[in-house]
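Just so it is clear, none of the values below were taken in a lab; they were calculated from the coordinates. Everything numeric here is computed off the predicted structure, so don't read it as measured data. When we count neighbours, we look across all protein chains shown, and the Cβ atoms used for this are built from the backbone with ideal geometry, even at glycine.
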Amino acid sequence: MGKDLASWTNYIQRHPLFSGASEDAFTEFMEDCQVKRYEAGDHILYSKSLREGLILILEGMAEVYVTVRGRSNEAEVLEVVEPGEMVGLSSLADFLGEPKREEYSHTVEVRAVENVVCLRIPYHIIEKRWEHDHVRDYILRQVSIRLRDIYASLAEQVYLASQWGDSDPFIERVQDIMTAPPVKVNVDTPLSEVAYRMTSNNASSVIVEENNRLVGIITETDLVKRVIAAGIEKEGTAKDVMTASPLVISKLAYYYEAMANIFVQGVKHLPVTEDDDPTKVVGMITLSDLLKKQHRGKFNIIQEIEHVTEETLPTIKDKVYAVLGNLIEDEIPAFHTLKIITEFNDRLIKQCVKMAEEETRKDYGKPPVPYAFYLMGSAGRAEQFMFTDQDHFLVYHDPEKQEDKDRISMYFRKLGNAIVLWLERAGYKRCDGNMMASEQNWRGSITNWESRLHTWGLRATNENILLSNNFLSFRYLHGDEQLHDDFVKMVAKKFEKSQIFLFRAAEIELSNSIPNLDHPIRALFRLKRTGMDIKKHALFPFHHALQILAAKHEVYGMTPYDMVKKLEKKEVFTASFADELLFAYETILRIRMTQSWQRYERGETNSSEIKFIHMRSRDKEALMIALKTIRTLQAYMKNAFGML
């Protein structure tokens, strides 16, 4: 026996699997067993690992889980395995010779939660011990306990799914909507044959394969642009005109994921592939398919935004609102809704900035130095689902010559004013607090901004902290990327030297209480006719605590979702708490979006006040959980600054 195994000999020999074995038999068994060590986060078993025996946990803790498809780095934990317990019981049916009824497409994985030591026991060892009654009795008890726990867990998951709406009918799979089988051609298929296949199958696109694997796609538009319009006389092949490596979507993806891809990527055809093989195409889904399914008629907004004019600019808002209304009506998850609407807003705002630059260029020429345009507030956080007020600022490069300073300053004052006017024409009203690039305090060179942040750091007044709270939600949208990188580095450097300022900001944030909606039943009655300002009492505490923590760990210029993920990667948050935070954030956004939209449809003034009487019971309960999570986030912030 090796040294590792020898150190565990006494413990293993007393275990029910090996107790009663003679010294010689035990020594023989251990020659085929193997002690393995894993660090926290290591895989002990992958989903496709061969199950060749049982794994006995000697030290540490492991978890059995399944990956959540479509959400990176997320998993659903089925059970936790502690020292003395075993992994691999589900494969005992194979060991006992029971035939498989079907091939399962999803299998569990096992990973170490902390440093783990385990013993791998091959099945031929189990077979030799199987003749002993106490061994069979022990394994039967372990299987029975595991079965009981799994059923209890399954029941809980089904209950939660009904509570939180995961089983709502809008969640349809792409495989239920796609056209199948798709029309396919080979890379060497002549273009005349490609056109014939399209027309004879009444298809607007064909899949191009090589060795039965996806390599490209050809649409009607491709044929028109690359063959007819180009005046190609010589017969070509599919490979000559195809779009290589097209965007694809899994057949198990949801309807709203397909819609989001079409909106964001600007494509109208998505090859549908097997979930585990992105080169094996099983169908095709198009924008038309999605529109037919939902009976929606206004999904060409991105193209309209890209070609917007001064005359058509005011019409975009109503078209975005039409899509927003449909997404809310269909109860699409908040993050997916915001992904779509943010894409519309970002493109529209960027077009306004470009039109402002073009207008300024006519009178003052091109920008004298590189510049970058940033969003703040709800737009900066990528949660501006309705056209609210403007929050933005300008950063530009320092002049090479001091005598150019005034001229450059004047140019960006004109540009900042023009941006505000164009955004106003699009439907974004002016900021009541004048936090816009038209104002001197919200534009300037990197040196100007460095001085501004230095002043905030030296004077941690309530006003400066309020300004910094809005500033720290900044997100780059347009301009010079190198300048943007330099700006973010400068911001990180200044806040690194302003720990007292961040400490004071955390103190002020902790003084703002978050409503305690304690027990669900009592809350339902007590709050039936009351409400709360969800922006003031939930969103702002979440954002401010998160931003202060992020600044403490040099994380800037990201959306709240990305900040949470970044802080999880930096091990500021555990994976489970990051999940809880994102659940809380989505819950609050969903409730706010729903009630704001209902208020808009009723013709009422926009407000962040939510009424509990307009909420479903499950939403109230979810909100209570979300508020508790935000209080935990404040505790994280408090600990980060050593506050007692």
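What residues have an amide H closer than 5 Å to that of E59, excluding those fewer than 5 places away on the same chain, when H is modeled at 1.01 Å from N in the peptide plane?
V117
Going toward the positive end of the dipole of the chain, with +1 on Lys and Arg Cβ and -1 on Asp and Glu Cβ, which of Y364, N115, S19 do you reach last?
Y364
Over the Cα atoms of the chain, Rg to Rh with Kirkwood Rh, two decimal places?
Checking Rg against Rh, the ratio lands at 1.03.
Can you give me the C-alpha center-to-center distance between the stretch 38-62 and the stretch 265-281, rounded to a whole angstrom?
33 Å
How much FRET efficiency would the formula 1/(1 + (r/R0)^6) give for V187 and D562, where r is the Cβ-Cβ distance and R0 is 41 Å, rounded to 0.05?
0.60
For n ≥ 4 DSSP H runs only, could you compute -39500 (n - 2.57) per run for the chain, divide by its residues and tell me the 222 nm figure to the nearest 500?
It comes out at -15000 deg cm²/dmol, rounded to the nearest 500.
Based on Cβ point charges of +1 for Lys and Arg and -1 for Asp and Glu, what charge dipole magnitude is obtained for the chain about its Cα centre, in debye rounded to the nearest 20?
Its charge dipole is roughly 2220 debye.
Highest first, please rank the peptides 379-388, 37-46 by the mean number of other Cβ atoms sitting within 10 Å of their residues.
Taking the mean over residues of other Cβ atoms within 10 Å, the ranking is 379-388, 37-46.
Say R0 is 35 Å: what FRET efficiency, to the nearest 0.05, do H43 and T199 get from their beta-carbon distance?
0.10
Using only the alpha carbons of the stretch 174-295, determine the length spanned along each of the three principal axes and report them from longest to shortest in whole angstroms.
42, 31, 26
On a 0 to 90° scale, report how tilted helix 255-265 is relative to the longest principal axis of the chain, with both axes built from alpha carbons and the result rounded to the nearest 10.
Computed tilt is about 40 degrees.
Between E403 and E424, what's the calculated FRET efficiency when r is the beta-carbon distance and R0 is 30 Å? Round to 0.05.
So the FRET efficiency works out to roughly 0.30.
Starting from 0.36 nm per residue, how many nanometres of slack lie between L140 and R618 once their C-alpha separation is accounted for?
On the way: separation 478, 0.36 × 478 = 172.08 nm, distance 3.98 nm.
Gain in length upon complete extension: 168.1 nm.
Sorted by average packing, counted as other Cβ atoms within 10 angstrom per residue and highest first, what order do 55-66, 399-410 take?
Result, highest mean first: 55-66, 399-410.
Against the longest alpha carbon principal axis of the chain, how many degrees, from 0 to 90 and to the nearest 10, is the axis of helix 540-552 turned?
Between helix and principal axis, roughly 80 degrees.
In whole percent, what relative contact order does the stretch 174-295 give with Cα contacts below 8 Å and a gap of six or more residues?
Numbers: 205 pairs, mean separation 38.0, N = 122.
Across the stretch 174-295, relative contact order equals 31 percent.
Peptides 309-315, 187-193: what's the order by average Cβ count within 10 Å, highest mean first?
Per-residue Cβ counts within 10 Å, averaged per peptide and sorted highest first, yield 187-193, 309-315.
Extension gain E507-R213, at 0.36 nm per residue separation less the Cα-Cα distance, in nm? Spell out each step's value before the answer.
Details: separation 294, 0.36 × 294 = 105.84 nm, distance 5.87 nm.
Full-extension gain reported as 100.0 nm.
How many angstrom lie between the C-alpha centres of the stretch 393-472 and the stretch 594-609?
31 Å
Can you list residues from other chains, or at least 5 along the same chain, whose modelled amide H is less than 5 Å from the amide H of F474?
G557
Any chance you could give the angle, 0 to 90 degrees and rounded to 10, that helix 575-601 forms with the longest Cα principal axis of the chain?
40 degrees
According to a simple spin-label model (label point 7 Å from Cα along Cα-to-Cβ), what is the distance in nm between K128 and Q303?
A separation of 7.2 nm, rounded to one decimal place.
What is the distance, in nm, between label points placed 7 Å from the Cα along the Cα-to-Cβ direction at K536 and at V77?
3.8 nm
What does the extension gain come out to for K570 and T605, with contour length at 0.36 nm per residue minus their alpha carbon separation? The partial results should precede the final answer.
Working: separation 35, 0.36 × 35 = 12.60 nm, distance 4.19 nm.
Here the answer is 8.4 nm.
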